[in-house]
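To keep things clear, I will list the structure first and then write my remarks on it.
Where a number appears in this text, it was derived from the coordinates with a stated rule and is not lab data. Since the model is a prediction, treat every value here as computed from it, not as a measurement. Note: ideal-geometry Cβ built from the backbone for every residue, glycine included; neighbour counts use all protein chains shown.
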Amino acid sequence: MIPLEIKDYLNKALKEGWALPHFNVSDAVTLRGICETAKELKSPLMIGTSEGERNFIGLRQAVAMARAYHEEYNLSIFLNADHHRSVSAAQEAINAGYDSVHIDLSAAQLEENIKSTKEVVEYARQMSNVKGQMSKISVEGEVGYLVTESSKIYKEVIEIPPESLTRPEEAARFVKETGVNRFAPAVGNLHGISANAPKLDFERIKAIRKAIGNEVALVLHGGSGIPDDQIREAIKCGINNVHINTELRVAYAEALRKFLAEHPDETTPYKFFASVIEAVRQKTAEKIILFGSVHRI
Ligand code: G3H
Ligand code: ZN
């Protein structure tokens, strides 16, 4: 049987009304918690490393670990270079063996964003052929911008400026001219967790889905802190890939702080990280169930 590629899972998700989970990691502990849960629940998944995360974990190390879990757990796991902000950083990840890159030039003018994203798409195609990759390297681009950062818990209410939101006609043009496989819009979502719950713009999600067609994945970034009913509705409106980072980091940090406070003399990492892995497992399971990706391998 030919193994399914990222695009096969994304197409299947859109048709069947669920979303492929994307979890960010910066260490082997988080990765283990996520992979154990995905194996148990038989969920396909994407693992992402931002530039900061990849600099900590190591590009080659991330690739080697994802491969090891793929082989040992028989997991459908795809490694994504998340929010890479330059063509050269995206190319480094492709060269290291990543299955996917997210080239995020949303801070640039649309013309520049299109030009450089297209360069990454062409490089990914060329490298997929040269390397004879089992699966074609998938590329994600972004138009519109998110006003906050992952891992921050904002004490203040965050207002989303209307000019930061993605316009469907720009989305259509971007997708057509760049040839990306996945598209990340700004639709009321934000990175991190704000004091006020985000209010997703469902009409905009539907309009963008219509504008980009069904062959391109529609990615919801900033999945942390979005109420469950809004995530379900977003999937109904055409989202088929959801990113989670902050909620995992919070679960990790809280479990570690609690364990060390209760066991101040403990010095053995595999003992105190056992509680962290358990916390990551629980959060991952919650999200996999919410996204509807259980038993989709
Ligand atoms: O790319 C990463 C995600 O968009 C994570 O967002 O930290 O709000 O879950 P989050
Ligand atoms: Zn993101």
For the stretch 1-111, what class follows from the C-alpha gyration tensor (a ≥ b ≥ c being the square roots of its eigenvalues): rounded when a/c is under 1.5, otherwise prolate if a/b is larger than b/c, else oblate?
-> oblate
Computed over the stretch 135-204, the relative contact order (Cα-Cα under 8 Å, seq sep at least six) in percent reads 47 percent
Specify the inter-centroid distance of the stretch 179-213 and the stretch 227-297, based on alpha-carbon positions, in whole Å.
-> 22 Å
Would you calculate a helix-derived [θ] at 222 nm for the chain, using -39,500 (n - 2.57) for each DSSP H run of n ≥ 4 and dividing by the full residue count, to the nearest 500?
-> -16000 deg cm²/dmol
Which of the peptides 201-209, 215-223 is most tightly packed, and how do the rest follow, going by the mean number of other Cβ atoms within 10 Å of each residue?
-> 215-223, 201-209
Length released on extending from residue 64 to residue 197, taking residue separation times 0.36 nm less the Cα-Cα span = 44.2 nm
Using θ = phi - 60° and the Karplus form 6.51 cos²θ - 1.76 cosθ + 1.60, what ³J(HN,Hα) does each residue of the stretch 236-253 get, whole Hz, x for Gly and Pro?
-> 4, 7, x, 6, 10, 7, 10, 9, 10, 9, 3, 4, 5, 5, 5, 4, 4, 5
Hey, what did the chain get for relative contact order, percent, Cα under 8 Å, at least 6 apart?
-> 22 percent
Here the gain from full extension of residue 56 to residue 266, 0.36 nm per residue of separation minus their alpha-carbon distance, amounts to 73.1 nm
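Work out, in µm²/s and without decimals, the Stokes-Einstein translational diffusion coefficient of the stretch 6-291 at 20 °C, 1.002 mPa s, Rh from Kirkwood over C-alpha pairs.
D = 112 µm²/s.
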With a ≥ b ≥ c from the Cα gyration tensor eigenvalues, square-rooted, and the rule rounded for a/c under 1.5, otherwise prolate when a/b > b/c and oblate otherwise, the stretch 99-154 is oblate
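What is the magnitude of the charge dipole of the chain about its Cα centre, with +1 placed on the Cβ of each Lys and Arg, -1 on the Cβ of each Asp and Glu, and no other charges, expressed in debye to the nearest 20?
Here the chain has a charge dipole of around 640 debye.
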Checked against a 31 Å limit on the C-alpha separation, the offending pairs among 7/206; 42/176; 39/236; 12/176; 155/210 are 42/176; 155/210
Could you go through the stretch 254-271 in sequence order and give the Karplus-derived ³J(HN,Hα) for each residue, using 6.51 cos²θ - 1.76 cosθ + 1.60 with θ = phi - 60°, rounded to whole Hz, and x for Gly and Pro?
-> 5, 5, 5, 4, 4, 4, 5, 5, 7, 10, x, 9, 5, 10, 8, x, 5, 7
Counting only residues 5 or more apart in sequence or on a different chain, those whose built amide H sits under 5 Å from that of residue 242 are 20, 22, 220
